1. If I filter region 99-109 for residues that are under 22 Å from ALA48 (Cα atoms), among the charged types (D, E, K, R) and either open to solvent by less than 60 Å² (accessible area, probe 1.4 Å) or at pLDDT 90 or above (or both), do I get at least one hit?
2. Take the residues in region 36-58 that are outside any helix (DSSP H, G or I) and aliphatic (A, V, I, L, M); name whichever of them is nearest to GLN14 (Cα to Cα).
3. Provide a single number: the residues in region 77-98 that are over 24 Å from GLU5 (Cβ atoms), touching a His at 6+ places or on another chain (Cβ under 7 Å) and open to solvent by less than 70 Å² (accessible area, probe 1.4 Å).
4. Is there a residue being β-branched (Val, Ile, Thr), at pLDDT 90 or above and over 28 Å from ILE96 (Cβ atoms) anywhere in region 45-68?
5. Do you know which of the residues in region 1-35 that are among the hydroxyl-bearing types (Ser, Thr, Tyr), part of a helix (DSSP H, G or I) and open to solvent by less than 80 Å² (accessible area, probe 1.4 Å) is nearest to ILE96 (Cα to Cα)?
6. Of all the residues that make up region 37-76, how many are within 12 Å of VAL94 (Cα to Cα), surrounded by fewer than 11 Cβ atoms within 10 Å (Cβ to Cβ) and either hydroxyl-bearing (Ser, Thr, Tyr) or under 13 Å from the mean Cα position of the chain (by Cα) (or both)?
7. Looking only at region 29-61, count every residue that is touching a helix residue (DSSP H, G or I) at 6+ places or on another chain (Cβ under 8 Å) and among the small types (Gly, Ala, Ser) and tell me the total.
Amino acid sequence: MAHYELYRKSSIGQCLTDILDDLVNQNTLSSDLAMKVLVQFDKSINEALAAKAKSKTAFKGHLHTYRFCDNVWTFILENANFKTDTETVSAELVKIVACAAKTTEEAAKL
């Protein structure tokens, strides 16, 4: 099963990538092993978020741009407000990337 790589651009994903690059450049780690670590990170972060992220958020804002490509939705919102049960957060500009929980091939097998 393939996993989305979009969490590599998160803070923790960037830190992991930077450290792996340093280790590869110092010849402490092979590039093949670094790629295996990144693939495991993709798998683990996707599984952890699917299993543990249960809170819901409602949001409103002005839809500046939207795009659908390769089963990935991208939305750019201006003056966005996000509400959870406990707090409200506002932002001038937000990029939301939404991917299907299952790939098209996996959904077809069900």
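The values are calculated or read from the model by the stated rules, or taken from the named source; none is laboratory data. Small disclaimer: the values here were computed from a predicted structure and weren't measured. Positions of Cβ are backbone-derived with ideal geometry, glycine not excepted, and every protein chain shown enters the neighbour counts. The area values use the complete protein model at the heavy-atom level, side chains included, leaving out ligands, DNA and RNA. Shrake-Rupley method; radii C 1.70, N 1.55, O 1.52, S 1.80 Å.
1. yes
2. Looking at residues that are outside any helix (DSSP H, G or I) and aliphatic (A, V, I, L, M), I get ALA53.
3. 1
4. Taking every residue of region 45-68 in turn, none turns out to be β-branched (Val, Ile, Thr), at pLDDT 90 or above and over 28 Å from ILE96 (Cβ atoms).
5. The initial filter retains those residues of region 1-35 that are among the hydroxyl-bearing types (Ser, Thr, Tyr), namely 4, 7, 10-11, 17, 28, 30-31.
Cutting the leftovers down to part of a helix (DSSP H, G or I) gives us 7, 11, 17, 31.
Next, only the ones that are open to solvent by less than 80 Å² (accessible area, probe 1.4 Å) stay: 7, 17, 31.
Working: TYR7: 13, THR17: 22, SER31: 31 Å.
By that ranking, first place goes to TYR7.
6. Qualifying residue count, region 37-76: 1.
7. 3
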